[in-house]
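In what follows, a single structure is set out as structure tokens and then discussed.
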Amino acid sequence: MLHLYTFGGLRIERNGQPLQLPTHKARDLLAYLITFRDRPHPRPVLAGILWPDLPEEKARRRLSDTLWRVRRVLGDYVMADEECIWFNADLPCWLDVDDFVVKSQTPMPKSRKGEPEAGVWDLVIGDLRDAVALYRGPFLDGLYHDWVLLERERLHGLYLEVLGRLLELHKHVGHYESALTIAQRIVAAEPLHEAAHRELMRLYHLLGRDAEAVAQYHRCREILRQELDVAPAPETEALYHILSRR
């Protein structure tokens, strides 16, 4: 079975063995086909995307050569006819981004009274943790084409949403150490996320670590000063003054 890993850079495995594409353009072609795997792609369009500076005829020859190289590695996972090229999703394949999206959208089951059913917290937390574990870094890290950047931004936003949901769930069930770890991940992913800095301050306080809560405020203030040349929001200042008096 083919395994495709896109978070943190493109990696390919078949039956547990790593596969290597021979050229950067072969990698780019596969990355594009994976990203837009829901449809076939006309050859002239792909040639223009991958070789925008070449004349069309020469770009199409390069595309044919690159397609041959990709198919030598992946076989019928990449299909083509005279008009189009596409990723063959009918063959057995695991793709990390698909699993990530499914787990990130795990719903919160409710009972008839509108309250979560017994044990649901652990089930939902488990799925969201799995989603976070799948996100090993930016989508197709190392590629900087416009079509990559748009999808990378979308998935990064979804990752932050997952972390936010997981943070609230951990707080709800009183898992403050776990919530602290999640808040730290949010700040690591988005250092300018001031609300996440405040969450860290509150969680440090709940865990009896007020000195670290105050230190977190100073880190937040310094990041905002360096990156945006602004002061912390009034809510952050108010929280700091409350905690610093304790």
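Read-outs: derived from the displayed coordinates by stated rules, not from any lab. The structure presented is a predicted model; accordingly, all values stated were derived computationally and were not measured. Positions of Cβ are generated from backbone atoms using ideal geometry, with glycine treated the same way; all protein chains shown enter the neighbour counts.
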**Item:** Pair Glu190, Leu54: separation of 7 Å Cα→Cβ label points (nm)
**Value:** 4.0 nm
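Of Phe7, Phe36, Phe139, how do they rank once you tally other Cβ atoms within 10 Å and put the fewest first? List each step's numbers first, then the result.
On the way: Phe7 20, Phe36 14, Phe139 26.
Ascending number of Cβ neighbours within 10 Å: Phe36, Phe7, Phe139.
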**Complete:** Answer check: the range 42-179, Cα atoms, Kirkwood Rh, Rg/Rh ratio of 1.15
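Using a 10 Å cut-off around each Cβ, can you sort Trp94, Trp51, Trp86 from fewest to most neighbouring Cβ atoms? Before the final figure, lay out each step's value.
Numbers: Trp94 12, Trp51 19, Trp86 16.
Fewest to most other Cβ atoms nearby, the residues stand as Trp94, Trp86, Trp51.
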**Item:** the range 98-244: equivalent-ellipsoid semi-axes (sqrt of 5 x gyration tensor eigenvalues, Cα, Å)
**Value:** 28, 24, 11
**Item:** Alpha-carbon centroids, the range 66-100 and the range 189-242: separation in whole Å
**Value:** 46 Å
**Prompt:** Hey, if you drop one equal point scatterer on each alpha-carbon of the range 2-93 and run the Debye formula without solvent, what base-10 log of I(q)/I(0) do you get at q = 0.11, 0.14 Å⁻¹?
**Reply:** -0.29, -0.47
**Message:** Quick query: amide H of Cys84 versus all other amide H atoms, modeled in the peptide plane; which residues come in under 5 Å with a sequence gap of 5 or more or a different chain?
**Reply:** Arg43
**Asp229-Asp38 pseudo-label distance in nm [points 7 Å out on the Cα-to-Cβ vector]** = 4.2 nm
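Which of Ser104, Ser178, Ser244 comes first, and how do the rest follow, when ranked by fewest Cβ neighbours within 10 Å? Present the calculation step by step, with values, prior to reporting the outcome.
Values: Ser104 22, Ser178 18, Ser244 12.
Listed from fewest to most nearby Cβ atoms, that is Ser244, Ser178, Ser104.
Quick one: divide the alpha-carbon radius of gyration of the chain by 2.2 N^0.38 Å and tell me what you get. All intermediate terms of the calculation are to be shown ahead of the outcome.
On the way: Rg = 23.1 Å, N = 246, 2.2 N^0.38 = 17.8 Å.
So the Cα radius of gyration is 1.30 times the expected 2.2 N^0.38 Å.
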**Asked** So if R0 is 45 Å, what FRET efficiency would His175 and Leu2 give, r being the distance between their Cβ atoms, rounded to the nearest 0.05?
**Response** 0.75
